[in-house]
Amino acid sequence: MKLDEVEVSDDVEFVGKIVSTTTDNFSYIKKSGLVPIDVLLESESPISNHLNKYQLKIMPSEHKLFYKGKQFHIPAYGEECEWCAYGEDRCRFEDKRYKDMYCPYLKAILPLALKLYRDRSEIELFLLASTEEMLGYSTVKYYPEIFVTIDDLVKNLFKKKLNIGSEWAEQKQHSYIVTVDVKYNDMSYRNNYISGTDGGDATDIYLAYEQFCFKTYDYAEEMPKCFWDNVWLIRTCLNRLCSSDGIYNEICAGIKHNVKIPYDKLKIDLV
């Protein structure tokens, strides 16, 4: 069997890990399982309830953010504003190619828009990392990473320093690591994945593995998806097998937004 003709991705599962915290003794996750950040923001979750204390409400499905009762539009990544946050009839930066470099509102809200829309609010997890690396990543051991994004937005846009995560960290009952089985095809991205559209990197990969292909291709773009999937799986396994003293490159992935993972499929370890 050759790399450009065998499909193994349907049969491959990875064990992923997620670091998180609880302030409700796991009540929400027991009821809802693992859900993406847009669902957490719009449902009666510990995260949305915590934001309510700061007069913040975010409704990704409607592209709305409310702060102290005032409504703001969250444009999708690369989308024009629905209306001007400064009350202008016409955008004062409409002649600029990269408006977020000039408009203070777009510059402040862009990181949130990226998480919600470009990254599709997806759950991210570690496929390969040491416990120390996972617990040391960002703020996840103490409070949800989204609070950093929202804190920065409020500071830059409204000149208020809320420290949303600090109170959560004081109230948290546990930090924990969730272990979950994830099918290869249920992942939206994987670190170090190279496809036929990745220019010189794709050409280098094709030239390195073309001897293991059934057909000859003129361009890397012509390679079927199974080739790139198989090469990523091979390179990832070799990286793990050839690592010395447990030193290897951290690998992360995203779970597709529509994938449902109920609580009974999770293994939770307190840390």
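The values are calculated or read from the model by the stated rules, or taken from the named source; none is laboratory data. Just so we're clear, the structure is a prediction, and the values are computed from it rather than from any experiment. As a convention, Cβ positions derive from the backbone with ideal geometry for all residues, glycine included, and neighbour counts pool all protein chains shown. Side chains are part of the model used for accessible areas, which takes the heavy atoms of the whole protein and leaves out ligands, DNA and RNA. Shrake-Rupley method; radii C 1.70, N 1.55, O 1.52, S 1.80 Å.
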Residue hits (the stretch 157-177; in contact with a Lys or Arg (Cβ under 7 Å, 6 or more places away or on another chain) and either farther than 19 Å from residue 67 by Cα or not basic (Lys, Arg) (or both)) are 175, 177
Determine whether the stretch 194-208 contains at least one residue that is under 22 Å from residue 8 (Cα atoms), of a type in the set (A, V, I, L, M) and either open to solvent by 60 Å² or more (accessible area, probe 1.4 Å) or in contact with a strand residue (DSSP E or B) (Cβ under 6 Å, 6 or more places away or on another chain) (or both).
yes
If I ask for residues that are buried (at least 19 other Cβ atoms within 10 Å of the Cβ), outside any helix (DSSP H, G or I) and touching a Phe, Trp or Tyr at 6+ places or on another chain (Cβ under 8 Å), which ones from the stretch 96-122 would you list?
103
For residue 82, indicate whether it is charged (D, E, K, R), at negative phi and either surrounded by fewer than 14 Cβ atoms within 10 Å (Cβ to Cβ) or modelled with pLDDT under 95 (or both).
yes
Sort out which residues of the stretch 120-162 are of a type outside the set (D, E, K, R) and under 17 Å from residue 109 (Cα atoms), and write them in order of number.
121, 146, 147, 148, 149, 150, 153, 154, 156, 157, 158, 162
Qualifying residue in the stretch 6-13 (condition: within 29 Å of residue 250 (Cβ to Cβ) and crowded, with 18+ Cβ neighbours inside 10 Å):
no
Anything in the stretch 2-21 that is polar (S, T, N, Q) and either farther than 19 Å from residue 147 by Cα or assigned to a loop (DSSP other than H, G, I, E, B) (or both)? List them, or say none.
9
State all residues of the stretch 70-79 that are open to solvent by 50 Å² or more (accessible area, probe 1.4 Å) and either assigned to a loop (DSSP other than H, G, I, E, B) or among the β-branched types (Val, Ile, Thr) (or both); if no residue qualifies, say none.
77, 78, 79
Kindly state which helices (runs of 4 or more DSSP H) lie completely within the stretch 22-69 and contain at least 1 residues that are closer than 22 Å to residue 186 by Cα and open to solvent by less than 40 Å² (accessible area, probe 1.4 Å).
27-32, 37-42
Restricting to the stretch 134-162, and then to whatever is at negative phi and among the basic types (Lys, Arg), can you tell me which residue is most open to solvent (accessible area, probe 1.4 Å)?
161
Considering only the stretch 123-130, I want to know if a residue exists there that is over 17 Å from the mean Cα position of the chain (by Cα) and crowded, with 18+ Cβ neighbours inside 10 Å.
no
Do we find a residue being out of contact with any Asp or Glu (no Cβ under 6 Å at 6 or more places or on another chain) and modelled with pLDDT under 85 anywhere in the stretch 56-77?
yes
Which one is modelled with the lowest pLDDT among residues in the stretch 240-267 that are open to solvent by less than 60 Å² (accessible area, probe 1.4 Å) and touching a helix residue (DSSP H, G or I) at 6+ places or on another chain (Cβ under 8 Å)?
248
